[in-house]
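Step one of this worksheet: look at the structure below.
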Amino acid sequence: MSALIIFGLFLVLLLTGMPISIALGMTVLTFVYTMTHIPVDIVAQKLFTGIEKFEIMAIPFFILAGNFLTHGGVARRMIRFATSLVGHWHGGLGLAGVLACALFAAVSGSSPATVVAIGSIILPAMEAQGFPKRFGAGVVTTSGALGILIPPSIVMVMYSVATTGLQMTDPAGQRVSSASIGDLFIAGVIPGLMLAAMLGATTWYRAWKNDYPRLAKATLGERWKAFRESVWGILLIVIVMGGIYSGMFTPTEAAAVSAVYAFVIAVFVYRDMSLGDVPKVLLASANMSAMLLYIISNAALFSFLMTNENIPQAMTEWIVNLGLGAIGFLLMVNILLLLAGNVMEPSSIVLIMAPILTPVAVRLGINPIHFGIMIVVNMEVGMCHPPVGLNLYVASGITRMGISELTVAVLPWLVSMLIFLGLITYIPAISLFLPRWLGM
């Protein structure tokens, strides 16, 4: 009954048009004041302690690094390198867009940032080459979603933070710990590359079928020059991932290192950004970080209320007693998350749903790392379909296309993403092979 009241109140507040973060806080306050005896000072305390986790510091640093890279010429050089590799294939610039998005995703951690950085450069070039605007928009909108699957990923950080400290037991009653940020980052490598390959295959097939333009094949010298120019951006992948898994620094420290490194290469190496531009980047990063941290603090308050009312435990028992099994439960979760993607943005979905659904998944014998990757892929799909798909709105601003027209444009690639979601859901080895191989 408590769960019905809490989620009912939350839904009503959302329907009024209230921002999700405020709706979360208002739901908690209303329930606490009217139906519990929790002291008010506890609510205030939880609001602040919810963001007192060291891991959360990774979020503003990855956002800052992404903004430096977006404005610092890294994206343009990555596109040039990608074009030199695959530009001579059918739909060459489209394939270069997919590859460039994958490369940029590996240094930014954000899907909208990837769409902006790559799309604003490659879409005008594709139009000039004679590609239909819909084709280019479909490629960039969906490939930009790789930003939250290929590590580092802000959404993976959110999932790890949301599930840390949960009391979870497997079918045998053994205690199971939550997935760490490092576990999720390494688990996202193979799925990220696999999805990039599927999006690239879709792009190539449509270009081959419609005989879209191809570029002249680059020489080895041209490829080497393009690689040499982009190597400073690509090195960030090695520094972040290599630093984490060699034990040199934690994921949070890796985020700080990436922000400093991105600043240095943007201002002093590539010199595409002046010191006078830095305050604007800092302010934009602070605005986005503040928004996410406010959502996190209210979601932590919401999670506290759920735990205080024993709702996750009650829901675990209820779902287990339904006898769905792991297969039925995963199908139900996918439907639930895809529906949630129609009305909420990824950060809010993860922070609200992960603490409730992950204990149930573990109880049914599902690995929390596999489950986390599945949730991230769901968030990718949600960013590419209306009515609140963030990538659609970002791409709309770049292409000057309406949301309805963009929705039609992304359909072929969206179908590929849904097929990939099914593979990730029911073939855990895709997510778990690399962590197990590395002994994690």
Cα pair distances of the chain binned at 10 Å [whole percent]
4, 21, 31, 26, 12, 4, 1, 0
Tell me the net charge near Arg223. Cut-off is 15 Å between Cβ atoms, Arg223 excluded, with +1 for each Lys or Arg and -1 for each Asp or Glu.
+3
Report the FRET efficiency, 1/(1 + (r/R0)^6), for Asp170 and Lys53, where r is their Cβ-Cβ distance and R0 is 30 Å, rounded to 0.05.
0.75
What residue among Thr203, Leu283, Gly328 has its Cα farthest toward the positive end of the dipole of the stretch 194-333, where the charges are +1 on Lys, Arg and -1 on Asp, Glu, each on the Cβ?
Thr203
Amide H neighbours of His385 under 5 Å, at least 5 residues apart or on other chains, H built in the peptide plane: list them.
none
Net charge around Pro386, counting only other residues with Cβ within less than 14 Å of its Cβ (Lys, Arg = +1; Asp, Glu = -1)?
-2
How much FRET efficiency would the formula 1/(1 + (r/R0)^6) give for Lys225 and Ser404, where r is the Cβ-Cβ distance and R0 is 51 Å, rounded to 0.05?
0.75
Got a sec? Which residues in the stretch 187-220 would a label at Leu85 touch, if it sits 7 Å along Cα→Cβ and we count backbone N under 17 Å?
189-204, 215, 217-220
Could you check how many percent of all C-alpha pairs in the stretch 303-342 are farther apart than 15 Å?
55
Could you check the spin-label model distance between Asp41 and Leu283? Points 7 Å from the Cα along Cα→Cβ, value in nm.
4.0
By counting other Cβ atoms within 10 Å of each Cβ, how are Ser258, Ser289 ranked from fewest to most?
Ser289, Ser258
If you build a Gaussian network model of the chain, linking Cα atoms that sit under 10 Å apart, which residue out of Gly323, Gly200, Gly233 swings the most?
Gly323
According to a simple spin-label model (label point 7 Å from Cα along Cα-to-Cβ), what is the distance in nm between Arg134 and Arg436?
4.3
Show me, for the stretch 122-138, the HN-Hα J-couplings you get by feeding each phi into the Karplus relation (A = 6.51, B = -1.76, C = 1.60, θ = phi - 60°), rounded to Hz, glycine and proline as x.
7, 5, x, 5, 5, 4, 5, 7, x, 6, x, 4, 4, 4, x, 5, x
Grab the DSSP H runs of the chain that are 4 residues or longer, score each as -39,500 (n - 2.57), total them, divide by all residues and round the 222 nm result to the nearest 500 deg cm²/dmol.
-24500 deg cm²/dmol
Charge context of Phe62, other residues only, Cβ under 13 angstrom, K/R +1, D/E -1
-2
When the Karplus curve 6.51 cos²θ - 1.76 cosθ + 1.60 is applied with θ = phi - 60°, which whole-Hz ³J(HN,Hα) does each residue of the stretch 280-296 get, with x for Gly and Pro?
5, 5, 4, 5, 4, 5, 5, 4, 5, 5, 4, 4, 5, 5, 5, 5, 4
Across the chain, how many lysine pairs, 8 or more positions apart or on different chains, have C-alpha atoms separated by under 26 Å? Please give the number.
4
What nm distance separates the two modelled labels at Leu331 and Ala201, each placed 7 Å from Cα along Cα→Cβ?
2.4
Magnitude of the Cβ-charge dipole of the chain, K/R +1 and D/E -1, about the Cα centre, nearest 20 debye?
1180
Between Thr34 and Trp208, the FRET efficiency computed from the C-beta separation at R0 = 60 Å comes out, to the nearest 0.05, as 0.45
Please build a GNM for the chain, connecting alpha carbons under 10 Å apart, and tell me which residue among Val362, Val139, Val278 fluctuates the most.
Val278
Which of Leu123, Leu337, Leu423 ends up with the largest GNM mean-square fluctuation for the chain, with Cα atoms connected below 10 Å?
Leu423
Compute the Cα gyration tensor for the stretch 267-331, then decide on rounded, prolate or oblate, letting a ≥ b ≥ c be the square roots of its eigenvalues: rounded whenever a/c is under 1.5, prolate when a/b is larger than b/c in the other cases, and oblate in all that remain.
oblate
With only Lys, Arg, Asp and Glu charged, each at its Cβ (+1 for the first two, -1 for the last two), find how big the charge dipole of the stretch 221-323 is about the Cα centre; round to the nearest 20 debye.
420
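Here, each number is a calculation from the coordinates, and none is a lab measurement. What you see is a predicted model, and the numbers here were worked out from it, not measured in a lab. Cβ sites come from the backbone with ideal geometry, for glycine too, and all protein chains shown count toward neighbours.
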